[in-house]
Structure formats: C-alpha cells, structure tokens
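Below is one structure, written out as structure tokens, with a few remarks after it.
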Amino acid sequence: MNLDNETIVRIAHLARLEVNESEKESLLKDMNNILHFMEKLNELDTTDVEPLIYLTDEINVLREDVVKQEITAEAALLNAPLHDGTYFKVSKVIDKG
Amino acid sequence: MEKYTTLSSVQQDIKDSKLHLRQLVEAYLQRIEENKHLNAFVEVFAEEARSQAEIVNSRLLDGTAGKLAGMVIGIKDLICYQNHIVSAGSKILDNYRSVFSSTVVERLLAEDAVIIGRQNCDEFAMGGSNENSFHGPVKNNADNSRVPGGSSGGSAVAVQAGLCMASLGTDTGGSVRQPAAFCGVVGLKPTYGRVSRHGVIAYASSFDQVGPITNSVEDAALLLEVIAGHDEYDSTSSTLPVPAYTQQLDFSGKKRIAYLPETLTSEGLDPEVKALTEKTIKELQEAGHAVEPISFPYLDFVVPTYYILTMAEASSNLARYDGVHYGYRSPNATDLESTYKKSRSEGFGAEVKRRILLGSFVLSAGHYDAFYGKAQRVRRVIREKTDEILQDHDFILLPTTPGPAFGIGEKTDDPVTMYLADIFTVQASLAGIPAISLPLGETKTNLPLGIQLIGKRFGESELLAFSKYILNVTKSR
C-alpha cells in the first residue's frame, strides 16, 4: 500500500503533529519506503499464531495501596512551562466570543 | 595516569594508598575536557563528582564502602537523576530537571559510585549512529569521521576514550551492544525484566532495558549485580533473585554453541566481520566446544517486525510530551490544540516525528491488524524459534553488526538502510533475552569489531562467565 498526502495529514493530526508543505514530499517518500519494507511480514503465514503481547512471566503484580506523597505540588510544577503556583496554565479552551 | 580497566584494580590502589579517588576523578575530568570534540558528554557533574570522590575515598579506607566504590561512571542522557537535567537528546526536554531518580541511579549511588555526567545519545534513543541528537553528533574515538553507533553513542565513546570507567546505556534494539561494538568495548543487554525501567525515559516499553558499557566483563557483571532486581515501581521487573554474577565468572567445561548460517550469507555483511566471526567459531571449536550451524529462517523478518512494534510503542509513549506539563512549549501556539501540535512539531527532531507518525499509522483503525497485530504474531514466531535453538545450545554466536562504524552522514539519507544496520541485534530484543557484545577484533584499518553472544532467559551468569573466557581465548591471537 501507499500513503498519500491526505493520509499523512490525518495521521499527523491523530499524533498532534504538524507536517509543513516543505517536508511533506520527503516524509511521504521515506514513510512509504519504510512501509514497503514492513510489508515483508506478509510473506509469513501466522494463521494459528497468537500475538505476543507480554514479555514478562510475572503475573498479577500487586502491591499495597498505600497513600504516599512522593513529590510535592511545587516539585510537580517545577518544569511547567506556565503555571500559577497551583495549576498548570494553558491557553483559553472555551472562547466565549 | 594509567588507564584502569577494572574496578578491582582501582580499589586495590586506593587501599594501598597509591591512588586517591579524587585524583582519578580529576584525571577523567581532564580527559573529558581534552576530548570535548568527541561530544560524548552533554553535561559534566564536576563539583559533585569531586566531593563524592572525597567521601567514597575515606569510606574505602575505613572499610565501609559499597561495592561500586571507586567506580567513576557516566549515565546516558535518558536516565533520570534527581535535580539533574535529563534531556533524552531532545529539544523538547532540553531544560527538564528530573524531580526523582531512576531506580538504577539510586542503586548506583547506594553502592558508592561516582556519577561524572550525562552522555549524549540519539533523541529518545531512536537511532543507531548518534546523529539524531539535539546536542549534535558524537564522534568515534577510533576515527573521528565515523559514528560511534547508537543510540548510546556518547556512553560507548566515553568508555572507549577513557573519559570514565563505565557507562549505563539503554538497549531497545541494540543501543548498548552496537555502539559497544563500534567502539571496542563490552556492552551487555540484560534479559527483559532483569533491570527496573523506573525513571528511564521510555521509547518502546516491551523492549527497553538498561545495560552496562565497560572495559571488562568483570565490571559488566558487577554493574548488573548492582542494578538488577525487582522494583515495586516497575511491575515488569522480575522477582527472580539476582545471582552474584561477580562470584560466578569462572568458567570450565565445554559448551554447545549455535551460529546462524544466514548471518554469514546476509547481504551487506562486511568481509572482515565475516572473517572474524568464522575465526572465532574456529577458535572455539579448537578449544573443544561444539559450535554448529543452526538455521534461523526469520533473519529477514526481524528488522521490520522490530520497527513496527517499537514505532507503535513510541507513538504511545511520546504522547505525554504535550507542551503543557513539562518540556518545551511553543511560543507560536494560540490555543490548546496548537500548543500540542506546535510544541511537539518544533520540539521533536525529524526521526522521532517519522517514528511517531508511522507508529500512529500502524495502530490506526483499518491498519492495526495488518501491521501491529501481524508484527506481534511474528514476534512470537521469532521468540519461539530462538528459544528452541537455546534449548539445545548454551549460546548463539553472531556478529554484533554487519560492518564496522560507518561514516558520519553516510546513512542519513535512507532510513531503511540505517534500520538494517540493526539486523543482528534485534533478535535478542524481540525475544527479550540477554546478549552481550565483545570486542574481539579490528579491521585492517583499526576499526573495532564486535562479536555477539545471546544467552538464555535470565542466563546472565553463564553468559558473563563464558564472555570472560572467550576474551581470554582470543587474546592469544
């Protein structure tokens, strides 16, 4: 299969990325090359094979549900691009117009 | 100052008062300064390393020191260390200061290691050449026009060039082993689940493992002994007890080893790598080990399977970088959606964006089964076949890389060619089993070459002991 411009734009939106016009062409070429390379897997019959999902043999890993405060609110906001001392701040979400 | 290749020799010299740890730290700091052109370190923790050295030196003298006393180590810029910046080689985290330490860092410090700095790597560990770093490419110390490998490129070069004694890297599809091979040092990827991933910035969570890069197998064993073990903060970390690897390094007896003929006829295999592999096989046979060809018919499938799965996992793991809670926020954003989109688009590099896009695609409605589901099935086929080989054999022997370190810029135009450089390392990653790269040779032009040994699940003890033995066998060349 081949990706087209429209698909790239749709996928970029899903991934919350912007793809500008100047990079679209080379991105499309690289992504299509990679997808063709991935299509190699179709040569292998996996009809009766279950997907491998978990790489560990550990099952039902549980621990006590203990209330802990491991970082303070101040530390949590330390790396915030914008905050008011209590909350993370973002641009206005609802515009009353 | 002499170059120390094992921690035990440092500890001995300190106890004999021939060396003060502060001197050793100063020597490394000086070497880092003299080798700035290699771009191995993103940041050096000079003052902290100096004061830690004073403390540890006195502990060594009064007999209260931990196992890693005297170890001067660097950490990949992907491993969180409280109150230190960890950038994952990315603009999006360039000023990110970790508010907690990873479990591996806590374990290093608890045993008195001196952490000397954080090391350059490919952005979010995505790359095999260290050319995808926001901090610029790293140079191989054997030839400055060549890459060090990646993604733990800075970590491998730091050990190669004697800028520290050891490094902690991370290995998702070969990111410890491949740069170790390119730089002529030892690189170990443990079994999936052997080492906690808590506080290690995630790339592909069903693959990522922290692993040591060292000058000697002894130091790799020691570091693994310290960092391995269950952690309540990582539910995939194994509850199996951690063997005393350093006490189990003596090897005797004969082993049964498989080599994969497909790896020796693989397209793009450098003749010198082929010759070194054949020579190693022959030397082991002459030493009385059974080394025999076992077919692995899935070699051409490992790289595409690996990239489908890791891109999918990456697209999910990297969704957290939204410009809101931490990291880079675009000044060009006007509303919430453009905060996400512009921060991510300006903050991530080209390769990371490509992988997020492809990962989102293979997980999207209509394509999930054909790509992601298919790759999960093929992963099981690859793991079962690999486990089957290891039922009858102690190890699998294969080259670490198809060729020696390639030139900076040589493979950047074609991602598929770049990905194919991982062909020999991703098998162990897909199967979740341990593998080590050993510096067993050089090209005629003195570029390091590595040979890889894959071991059984949680079979690090046997793998390390045999690695030490193999280095001795081949030393007599």
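The values are calculated or read from the model by the stated rules, or taken from the named source; none is laboratory data. Since the model is a prediction, treat every value here as computed from it, not as a measurement. Cβ: placed from backbone, ideal geometry, glycine included. Neighbour counts: every protein chain shown. The area values use the complete protein model at the heavy-atom level, side chains included, leaving out ligands, DNA and RNA. Shrake-Rupley method; radii C 1.70, N 1.55, O 1.52, S 1.80 Å.
Note on region B:231-273: residues that are touching an Asp or Glu at 6+ places or on another chain (Cβ under 9 Å), over 30 Å from B:Ser8 (Cα atoms) and hydrophobic (A, V, I, L, M, F, W, C) amount to 3.
Within region A:33-50, if we keep just the residues that are more than 7 Å from chain B (Cβ to nearest Cβ), in a helix (DSSP H, G or I) and more than 20 Å from the chain's Cα centre (by Cα), the residue that is farthest from B:Ser343 (Cα to Cα) turns out to be A:Glu43. So which residues in region B:46-79 are open to solvent by less than 10 Å² (accessible area, probe 1.4 Å) and either within 14 Å of chain A (Cβ to nearest Cβ) or of a type in the set (A, V, I, L, M, F, W, C) (or both)? Of everything in region B:46-79, those that are open to solvent by less than 10 Å² (accessible area, probe 1.4 Å) and either within 14 Å of chain A (Cβ to nearest Cβ) or of a type in the set (A, V, I, L, M, F, W, C) (or both) turn out to be B:Ala49, B:Ala53, B:Val56, B:Leu68, B:Ala69, B:Met71, B:Val72, B:Ile73, B:Ile75, B:Leu78, B:Ile79. Inspect all residues belonging to region B:226-233 and state whether any of them is within 14 Å of chain A (Cβ to nearest Cβ), assigned to a loop (DSSP other than H, G, I, E, B) and open to solvent by less than 10 Å² (accessible area, probe 1.4 Å). Yes; the residues of region B:226-233 include at least one that is within 14 Å of chain A (Cβ to nearest Cβ), assigned to a loop (DSSP other than H, G, I, E, B) and open to solvent by less than 10 Å² (accessible area, probe 1.4 Å). Only residues that are surrounded by 24 or more Cβ atoms within 10 Å (Cβ to Cβ), over 20 Å from B:Ala421 (Cβ atoms) and in contact with a strand residue (DSSP E or B) (Cβ under 6 Å, 6 or more places away or on another chain) were counted in region B:106-153, giving 6. Every test in (1) aromatic (Phe, Trp, Tyr); (2) assigned to a helix (DSSP H, G or I); (3) more than 14 Å from chain A (Cβ to nearest Cβ) is passed by B:Phe371 save one, and that test is (3).
Considering only region B:313-346, state which residues are farther than 11 Å from A:Arg16 by Cβ and in contact with a Ser or Thr (Cβ under 7 Å, 6 or more places away or on another chain). First the steps, then the outcome.
At the first step, the residues of region B:313-346 found to be farther than 11 Å from A:Arg16 by Cβ are B:313-314, B:316-317, B:320, B:324-335, B:346.
Matches in region B:313-346: B:Glu313, B:Asn317, B:Val324, B:Tyr328, B:Arg329, B:Ser330, B:Ala333, B:Thr334, B:Asp335, B:Glu346.
Given the criteria assigned to a loop (DSSP other than H, G, I, E, B), without any contact (Cβ under 8 Å) to a residue 12 or more places away in the chain, more than 7 Å from chain B (Cβ to nearest Cβ) and open to solvent by 100 Å² or more (accessible area, probe 1.4 Å), does A:Asn60 qualify? So A:Asn60 fits the description; yes. Once region B:311-340 is narrowed to residues that are facing chain A (nearest Cβ under 7 Å) and assigned to a helix (DSSP H, G or I), the residue that is modelled with the lowest pLDDT is B:Leu336. Scan region B:293-312 and report the pairs whose first residue is of a type in the set (D, E, K, R) and whose second residue is open to solvent by 10 Å² or more (accessible area, probe 1.4 Å), with Cβ atoms within less than 8 Å and a gap of 6+ or a chain change. Pairs that qualify, where the first residue is of a type in the set (D, E, K, R) and the partner is open to solvent by 10 Å² or more (accessible area, probe 1.4 Å), are B:Asp300/A:Lys40.
Residues that are crowded, with 20+ Cβ neighbours inside 10 Å, within 28 Å of B:Ala312 (Cα to Cα) and acidic (Asp, Glu) occur in region B:420-431; there is at least one. When the criteria are applied in full, B:Gly359 meets the requirement of being more than 7 Å from chain A (Cβ to nearest Cβ), touching a helix residue (DSSP H, G or I) at 6+ places or on another chain (Cβ under 9 Å) and under 14 Å from A:Arg16 (Cβ atoms).
Here is the figure for region B:374-417: residues that are in contact with a Gly (Cβ under 9 Å, 6 or more places away or on another chain), within 14 Å of another protein chain (Cβ to nearest Cβ) and hydroxyl-bearing (Ser, Thr, Tyr) total 1. Filter region A:63-77 for residues that are open to solvent by less than 100 Å² (accessible area, probe 1.4 Å), in a loop (DSSP other than H, G, I, E, B) and at the interface with chain B (Cβ under 7 Å from one of its Cβ atoms) and give the result. Passing the criteria: only A:Ile71. Using beta carbons and a limit of 8 Å, which pairs, at least six apart or on different chains, have the first residue in region B:140-157 and touching a residue at least 40 places away in the same chain (Cβ under 8 Å) and on the phi > 0 side of the Ramachandran plot and the second one open to solvent by less than 50 Å² (accessible area, probe 1.4 Å) and part of a loop (DSSP other than H, G, I, E, B)? Partner pairs satisfying both residue conditions: B:Gly149/B:Gly128; B:Gly149/B:Ser129; B:Gly149/B:Asn130; B:Gly149/B:Thr401; B:Gly149/B:Ala405.
Give region A:30-43 a look and list any residue that's open to solvent by 30 Å² or more (accessible area, probe 1.4 Å) and within 14 Å of B:Phe371 (Cα to Cα), or say none.
Looking only at region A:30-43, we keep the residues that are open to solvent by 30 Å² or more (accessible area, probe 1.4 Å), and these are A:33, A:36-37, A:39-40, A:42-43.
Listed by number, the residues that qualify are A:His36, A:Phe37, A:Glu39, A:Lys40, A:Asn42, A:Glu43.
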